[in-house]
1. Among Asp72, Asp89, which is open to solvent by 20 Å² or more (accessible area, probe 1.4 Å) and free of Cβ contacts under 8 Å to residues at least 60 places away in the same chain?
2. Please tell me if Asn58 is open to solvent by 70 Å² or more (accessible area, probe 1.4 Å) and within 29 Å of Gln1 (Cβ to Cβ).
3. Could you tell me which residue of region 18-50 is farthest from Thr115 (Cα to Cα), considering only residues that are among the hydroxyl-bearing types (Ser, Thr, Tyr) and open to solvent by less than 60 Å² (accessible area, probe 1.4 Å)?
4. Give, as residue ranges, the strands (runs of 3 or more DSSP E) completely inside region 1-115 that count at least 1 residues that are on the phi < 0 side of the Ramachandran plot, out of contact with any Phe, Trp or Tyr (no Cβ under 6 Å at 6 or more places or on another chain) and not polar (S, T, N, Q).
5. For region 92-109, which positions are surrounded by fewer than 11 Cβ atoms within 10 Å (Cβ to Cβ) and hydrophobic (A, V, I, L, M, F, W, C)?
Amino acid sequence: QVQLVESGGGLVQPGGSLRLSCAASGRSFSIETMGWYRQAPGNQRELVATITRFGTTNTADSLKGRFTISRDNPRNTVYLQMNSLKPEDTAVYYCNADIWTYAPPRLSETWGQGTQVTVSS
């Protein structure tokens with residue numbers, strides 16, 4: 001079974017930056033699209049950004065210019081660079097990936113456990 005493990009969350013002041021990482025681990029797999037979603041208390045989970053294995057990105061319009069998604073395919077890792085953070089960015093950030101496993105071949109959506117990001121002075 002493939003697992004996603006996030007890291008890099010924490011407490012940051014408004015205007016600060018954080019970089020989240022999410023690494024996939026397991027046996028005999030390959031990853032299609034990877035992405036980040038977030039969920040603030042009382043809100044639905046929302047898209048932050050996605051990136052295909054070819055590097056095509058899609059970022060929520062409201063976050064363009066502040067958040068950047070990137071990916072290291074050999075390391076099965078996706079990153080989210082967050083700049084100029086605002087209190088409204090406070091949420092649990094979840095990593096997501098569409099993963100191929102084999103024997104038999106299957107494409108599954110997988111989620112990480114989430115990492116808390118708190119933007120506060």
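1. Answer to the check: Asp72.
2. So Asn58 fits the description; yes.
3. Restricting to residues being among the hydroxyl-bearing types (Ser, Thr, Tyr) and open to solvent by less than 60 Å² (accessible area, probe 1.4 Å), the top hit is Ser30.
4. 3-7, 10-12, 18-25, 29-39, 46-51, 67-72, 77-82, 91-101, 106-111
5. Selection gives Ala103, Leu107.
The values are calculated or read from the model by the stated rules, or taken from the named source; none is laboratory data. No experiment lies behind these values; they were computed from the predicted model shown. Every residue, glycine as well, gets a Cβ built from its backbone with ideal geometry; the counts of neighbours run over all protein chains shown. Only protein heavy atoms, including side chains, enter the accessible area calculation; ligands, DNA and RNA are left aside. Shrake-Rupley method; radii C 1.70, N 1.55, O 1.52, S 1.80 Å.
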